[in-house]
Amino acid sequence: MADSSIENAGLLIVDKEAGLTSHDVVARCRKIFGTRRVGHAGTLDPMATGVLVVGIERATKLLGLLSLTTKSYVATIRLGASTSTDDREGDIIGTFDTASVTDDGIRSGVADLTGDIQQVPARVSAIKVGGRRAHALARTGADFDLPARPVTVSRFEILDIGRDDDGILVRAEVDCSAGTYIRSLARDLGAALEVGGHLTSLRRTAVGPFTLEHARTLDEVAEAPTRSLDIDQAVRLSFPHRDISADEAESISQGRWLEPVGISGIYVVIDPAGQAIALLQEKGRRASSVMVVRPATLR
């Protein structure tokens, strides 16, 4: 039995423009695709551009299961001024002379912020403090501290260093773990050099396996409303896979379980027709579904 929620399901990789929130992107996609069943994974700040993963129809159920633990960015950091939000959209709260800052000093500061580090999130982050988002508290002028937490910056590579009357501009590529704040890297680099620092531009080039190569702008999507990846392509790219028989596919589509085969983590099972049937996880003597992609009622 065909179902439009399967036929039209998939992931849309959006190249988000500056000025839009992630919710703005979802609202626009709902209009473009004519469905309320749209969601996003991996929020991107309004100032930032680049890769935003959007789920359409039944693929919205995938969003919380995707392994989006690594992210890549191109960032521009201005040294010589601190802001209230650690980016260019905040109020300037301090300016400093950068004449004594050398390129080698900047490289050393970047090296110190590479690897496994403890990072204090930005005060305008979405982290909850006493049940309220930090950014909401910050707008009220409340005094609060956010504890440092472990993050991994696997690559922090300087692309170029420029100087002007307002200070120093450092353009860099960053590969990092989920939960890393690039604006906090800018702030901490400036603090280490004792000249202040903030983020002036940010472009996300990859999140998990999804890159700018998969991405289209919203205007391009509006002109040709198609998914970047259908649901079968999406799960094959995102998870290890296991081939199963037609009988096993019928069994798992009805909510039963399969024999484990020793695959760790979540994986997708594929039927003889090449269709994704379910996402499974093995525990003990069972490989049980964490999401049935094609329930028996939709097959």
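The values are calculated or read from the model by the stated rules, or taken from the named source; none is laboratory data. Keep in mind that what you see is a predicted model, and the values were worked out from it rather than measured. Reconstructed Cβ throughout: ideal geometry from the backbone, glycine too, with neighbour counts over all protein chains shown.
Whether any residue in segment 171-178 is buried (at least 19 other Cβ atoms within 10 Å of the Cβ), within 26 Å of GLY94 (Cα to Cα) and at pLDDT 95 or above is what I want to check.
yes
Tell me which residues, restricted to segment 179-194, are surrounded by fewer than 21 Cβ atoms within 10 Å (Cβ to Cβ), more than 22 Å from the chain's Cα centre (by Cα) and of a type in the set (Gly, Ala, Ser).
Within segment 179-194, ALA191, ALA192 meet the criteria.
When you go through (1) within 23 Å of ALA41 (Cα to Cα); (2) modelled with pLDDT of 95 or more; (3) small (Gly, Ala, Ser) one by one for ALA122, which number turns out not to apply?
In the conditions (1) within 23 Å of ALA41 (Cα to Cα); (2) modelled with pLDDT of 95 or more; (3) small (Gly, Ala, Ser), ALA122 misses (2) alone.
Here is a yes/no grid of residues against (1) assigned to a helix (DSSP H, G or I); (2) under 26 Å from VAL101 (Cβ atoms); (3) at pLDDT 95 or above:
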site: ALA126; (1), (2), (3): no, no, no
site: LEU137; (1), (2), (3): yes, no, no
site: ASP143; (1), (2), (3): no, no, no
site: ARG155; (1), (2), (3): no, yes, yes
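How many of the residues making up segment 56-82 are farther than 14 Å from LEU199 by Cβ, within 13 Å of the chain's Cα centre (by Cα) and crowded, with 21+ Cβ neighbours inside 10 Å?
2
List the residue pairs whose Cβ atoms are under 8 Å apart, where the first residue sits in segment 109-128 and is farther than 18 Å from GLY190 by Cβ and among the basic types (Lys, Arg), the second is at pLDDT below 80 and not in a strand (DSSP E or B), and the two are 6 or more positions apart or on different chains.
From segment 109-128, the pairs are LYS128/ALA134.
For segment 56-75, state whether one or more residues are modelled with pLDDT under 95 and in a strand (DSSP E or B).
Yes, segment 56-75 contains a residue that is modelled with pLDDT under 95 and in a strand (DSSP E or B).
I'd like the residue in segment 213-235 that is surrounded by fewer than 16 Cβ atoms within 10 Å (Cβ to Cβ) and not β-branched (Val, Ile, Thr) and, out of all such residues, is nearest to GLY42 (Cα to Cα).
GLU213
Yes/no per residue for (1) among the hydrophobic types (A, V, I, L, M, F, W, C); (2) within 20 Å of GLY64 (Cβ to Cβ):
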site	(1), (2)
ALA222	yes, no
SER228	no, yes
ARG236	no, yes
PRO240	no, yes
ASP243	no, no
VAL261	yes, no
SER264	no, yes
LEU280	yes, yes
ARG286	no, no
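Find the residue count for segment 272-281, including only residues that are without any contact (Cβ under 8 Å) to a residue 40 or more places away in the chain and surrounded by fewer than 20 Cβ atoms within 10 Å (Cβ to Cβ).
Count: 3.
So which of ALA99, ALA111, ALA27 is in a loop (DSSP other than H, G, I, E, B) and surrounded by fewer than 21 Cβ atoms within 10 Å (Cβ to Cβ)?
ALA99
Limited to segment 177-235, what total is found for residues that are within 21 Å of SER154 (Cβ to Cβ), assigned to a helix (DSSP H, G or I) and touching a residue at least 24 places away in the same chain (Cβ under 8 Å)?
So the answer is 10.
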